[in-house]
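First up is the structure itself, then whatever we jot down about it.
The values are calculated or read from the model by the stated rules, or taken from the named source; none is laboratory data. Please read these numbers as outputs of a predicted model, since none were measured by experiment. Cβ atoms come from the backbone with ideal geometry, glycine included; neighbour counts cover every protein chain shown.
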Amino acid sequence: MKKANVLALFLLVLVVQVVFVPHISIGGIQPDLPFLVAYAAGVHWGFLRGMAAGAGLGLLVDVAGGAAVGLSAMSGTMVGAAAGLLGGHVYRPSPAVHAVGLFGSVLLGGMTTLILVQIIYSAYEWLDGMRAIVLPQTLYTVAVGLPGVLVFLNRIEKGEIVRKAREENA
């Protein structure tokens, strides 16, 4: 993917997360779309690029959302890193593997956010935060985002196959 396309994707995800996602919240729980992009980047492009995508999107969300700068960036970094590890060890994961990997990655990102919120604000008890916020948000994010992640990864893979075929024929 070209750098301009990646930047456009980041900005699109940021706008959707900040403008539209609050309107589809259920009981105050919102899906975390930047985690989906960090997961896809990590699975497809590897550990470091997944971390960079998660950190970049997290910083954009922090700045746009008014949260403590670095909170979403650290969580997104963890999601991208976990996805990068999955992508590096599993060749052509099935949708079931992506579902479990996405759940685990988003859960790790949510746990990172919860730990940082506890350190910074002393806001939640661990189990209450996990039960009331992290687990529902993880399930909601996976339910909303898994089909999009699968389509996105499939399109990227097909685009790379076409690009390689063109290079071989040229």
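Here are some notes:
- Among the residues making up the stretch 11-42, those that are surrounded by fewer than 17 Cβ atoms within 10 Å (Cβ to Cβ) and part of a helix (DSSP H, G or I) are L11, L12, V15, V16, V18, V19, F20, V21, P22, H23, I24.
- Entry remark, the stretch 43-54: residues being under 19 Å from G70 (Cα atoms) and either buried (at least 22 other Cβ atoms within 10 Å of the Cβ) or under 10 Å from the mean Cα position of the chain (by Cα) (or both) number 4 in total.
- Check on L57, closer than 20 Å to I156 by Cβ, in contact (Cβ under 8 Å) with a residue 24 or more places away in the chain, over 11 Å from the mean Cα position of the chain (by Cα) and crowded, with 17+ Cβ neighbours inside 10 Å: no
- Among the candidates G80, G101, G109, G76, residue that is at pLDDT 90 or above, closer than 20 Å to L150 by Cα and in contact with a Lys or Arg (Cβ under 8 Å, 6 or more places away or on another chain): G80
- Summed over the stretch 149-170, the residues that are in a helix (DSSP H, G or I) and more than 19 Å from G80 (Cβ to Cβ) give a count of 15.
- All conditions but one from (1) touching a helix residue (DSSP H, G or I) at 6+ places or on another chain (Cβ under 7 Å); (2) assigned to a helix (DSSP H, G or I) apply to V6; the one that does not is (1).
- Boolean, A132 is farther than 15 Å from V37 by Cα, out of contact with any Asp or Glu (no Cβ under 6 Å at 6 or more places or on another chain) and not acidic (D, E): yes
- Residue selection: I115 satisfies the criterion of being more than 22 Å from P22 (Cα to Cα), among the aliphatic types (A, V, I, L, M) and free of Cβ contacts under 8 Å to residues at least 12 places away in the same chain.
- Each residue in the stretch 114-166 was checked for being charged (D, E, K, R) and within 23 Å of P93 (Cβ to Cβ), and 6 of them qualify.
- Only one of the numbered conditions (1) part of a helix (DSSP H, G or I); (2) over 24 Å from A41 (Cα atoms) is not met by L107, and that is (2).
- Subset of the stretch 118-138 (residues that are assigned to a helix (DSSP H, G or I), free of Cβ contacts under 8 Å to residues at least 12 places away in the same chain and among the aliphatic types (A, V, I, L, M)): I119, L127, A132
- No other residue among V117, V134, V69, V144 is of a type in the set (V, I, T) and within 13 Å of the chain's Cα centre (by Cα) apart from V144.
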